[in-house]
Amino acid sequence: MQNADTEKKAAELLKILNDRKSRYIACENNLMLFSIYYFSHYHHHAIPPFHYALYSDLQFENGARGVIWKIFRESAKTTLAKIKIIHTICYKHKRFIVWTSFDKAKAAQNTYDIAVELQTNKKIISDFGQLFYESKAYETEKKSTKKAISEFITVNEIKVLANSIGTSARGLVWGAYRPDFQIFDDVENIETASSETQTKSVIEHIDEAIAGAAGYSNFLILANNITDTGSISYFTTKFKKSNKWKIRDIGVIDNKTQQPVWDKYVLTDDEADKINLTITDEKRKKISLQTKKLELGDLVYRREMLNITMTADEQEFNENWLQWIELSEVKQKATYKITTIDTAYSQNKNSCRTGICINYYERATDNWYLEAFARKIDSAELVDYIFQLHDNGIDEIRIEETAFQAAIQPLFRRECERRGKYPNCKGISHKGRDKIIRIRGLIVPYSNRKVWHITGLCSDLESEMRIFRGQKKTMRDVLDATAYQLDVIREITPQAYQKPITATQQQRRNLDFSNLHF
């Protein structure tokens, strides 16, 4: 009986899709139907149950305002977002669509994909006409290897814009229209999540976009579950009690059944090999999660496929080691003030981050009192900052040697002569040691409870510490600057780092009269 009902519904659906007029009406009110018909070339596997929920979210029914999708990698969430935009353009439901990523080039790649579909999808062209003609500007971008387009306007007068977090969301207008559908995709990754400054930038941009939008605007935030302290976590907490926002948190494995939530995946290599023997179409073959875990590594697999953020047990720097102290209390102590700076040589301050650590070092106790943060700063601004540190009473300033010699030292010398001031500033060498090894050296003073963070002045450092597991590509500029403190303190307080001497060694030292003068 169930099979008969299914066949009947399929026949009715086929009848609707075969008639242009009924198809046009049905697809306007049903995004999934629109996807099945106009994007059949994307449907290589059966529609998974969670996709039904996602299609429903994108209808924005009953006054819904926005959606947050924290869903595993390769879940097709970005593809569904593009289909939604094309649906919106075809039926002219919105007038100004903005796709925002942390990097504008990434956003422009997605808007390019949308433009290409409008130009080449024969079913869409047949039913809705050619909605986008190439301009000369687009022709140029199209031929580039990046294959990106930053903005375009459709024949039915809808603007699509690629934007970045670094560009203000305030004041975006097109004619009489403000953005009425905004997608935020790839705004948080492992690097941005490790930086308090970049996390703050993401939050401020999206908050500004939402606050300044019209009441009929809609928002879609696409993400992976990377950290509990980043921008996505902030918006999840902010909107979880709102009946105008829907939040999805979906990993590739169902927590109850312990089976994949989509039949494109199987658990093991053996399962995949067995099933794939009978499948000739490469796009329809099953993907083994066993292999996926091996390729990504355990940490990335947990974060990007299972939606499990890093736990405290996985952190190399234990959260319990962190101690805080007020700046006013530190200033009452007798300290030797050391600033260490890790910077890449660049004339463009937007190209890289500079890590800065100011240590109010207490010789008597070997305690560190830290202020540590990241800045985007060019060579000239860094030299100005060195003099500012000098005026603020910093005793010693050390800068990563390569950058100091290449970019800072010549300018610094000229400024010393011009200003009549001579800060105690020089280079410091990493001595050929790997950055990861140098950073791990901090575990000793932290675990011995010798390090204190000055309240409110170590957010960037703490963010980097929480996700550090020796990854080569992780943002760790502030950690690296802090690690240089170990070398400086060994120089100025060598006895604190010497091994205890034996009684025999002490006797030999007592017999050394070479330094005595009569």
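The values are calculated or read from the model by the stated rules, or taken from the named source; none is laboratory data. Only a predicted model underlies this, so the values are computations on that prediction, with no experimental measurement involved. In this analysis, Cβ positions are derived from the backbone assuming ideal geometry, glycine residues included, and neighbour counts consider all displayed protein chains. Quick note on the areas: whole protein, heavy atoms, side chains included, nothing else; ligands and nucleic acids left out. Shrake-Rupley method; radii C 1.70, N 1.55, O 1.52, S 1.80 Å.
Within the accessible surface of the chain, defined with a 1.4 Å probe on protein heavy atoms only, the carbon and sulfur portion equals 50 percent. Residue by residue, the range 240-252 carries 3J(HN,Hα) couplings of 5, 9, 8, 7, 9, 10, 10, 10, 10, 10, 10, x, 6 Hz when phi is fed to the Karplus relation 6.51 cos²θ - 1.76 cosθ + 1.60 (θ = phi - 60°); x denotes Gly or Pro. Each Lys and Arg contributes +1 and each Asp and Glu -1, all at the Cβ; summed about the Cα centre of the chain, the dipole is approximately 600 debye.
As a length-normalised measure over Cα pairs under 8 Å and 6 or more apart, the relative contact order of the chain settles at 14 percent.
Only lysines eight or more places from Lys264 in sequence, or on another chain, were considered; those with a Cα closer than 25 Å are Lys9, Lys70, Lys77, Lys82, Lys84, Lys256, Lys274, Lys283, Lys285, Lys286, Lys292, Lys293.
Normalised by the number of residues in the range 236-318, the mean separation of alpha-carbon contacts (under 8 Å, six or more apart) gives a relative contact order of 23 percent.
Annotation note: trypsin sites (Lys or Arg not before Pro) in the range 1-105 located in DSSP loop regions with a Cβ neighbour count of at most 14 within 10 Å are Lys92.
For the chain, DSSP calls about 30 percent of its internal beta bridges antiparallel.
Couplings 3J(HN,Hα) for the range 37-44, derived from phi with the Karplus relation 6.51 cos²θ - 1.76 cosθ + 1.60 (θ = phi - 60°), are 7, 7, 10, 4, 6, 9, 8, 8 Hz, where x marks Gly and Pro. For Ile250, the residues whose amide H sits under 5 Å from its own are Lys70, Ile71, Phe72, ignoring neighbours fewer than 5 places away on the same chain, with H placed 1.01 Å from N.
For the range 374-379, 3J(HN,Hα) computed residue by residue from phi via the Karplus equation (6.51, -1.76, 1.60; θ = phi - 60°) reads 10, 9, 9, 8, 8, 4 Hz, glycine and proline entered as x. Working note: 222 nm ellipticity from helices only, DSSP H runs with n ≥ 4, each -39,500 (n - 2.57), summed and divided by the residues of the chain, gives -12000 deg cm²/dmol to the nearest 500. Between the range 40-71 and the range 202-252, the alpha-carbon centres lie 16 Å apart. Counting only the Cα atoms, the chain fills a convex hull of 239 Å³ per residue. Loop sites by DSSP among the GluC sites (Glu not before Pro) of the chain, restricted to those with at most 16 other Cβ atoms within 10 angstrom, leave 327-518 as the longest stretch without any of them.
Sparse packing (at most 16 other Cβ atoms within 10 Å of the Cβ) combined with a DSSP loop state is found for the following trypsin sites (Lys or Arg not before Pro) in the range 363-421: Arg363, Lys376, Lys421.
In loop segments of the range 224-261 as defined by DSSP, the trypsin sites (Lys or Arg not before Pro) with at most 15 further C-beta atoms inside 10 Å of their C-beta are Lys240, Lys241, Lys244, Lys256. Per residue, the average separation of C-alpha pairs within less than 8 Å and at least 6 apart gives the range 1-139 a relative contact order of 18 percent.
Note that the range 215-334 presents 59 Å² accessible area per residue, ligands and nucleic acids not counted, probe 1.4 Å.
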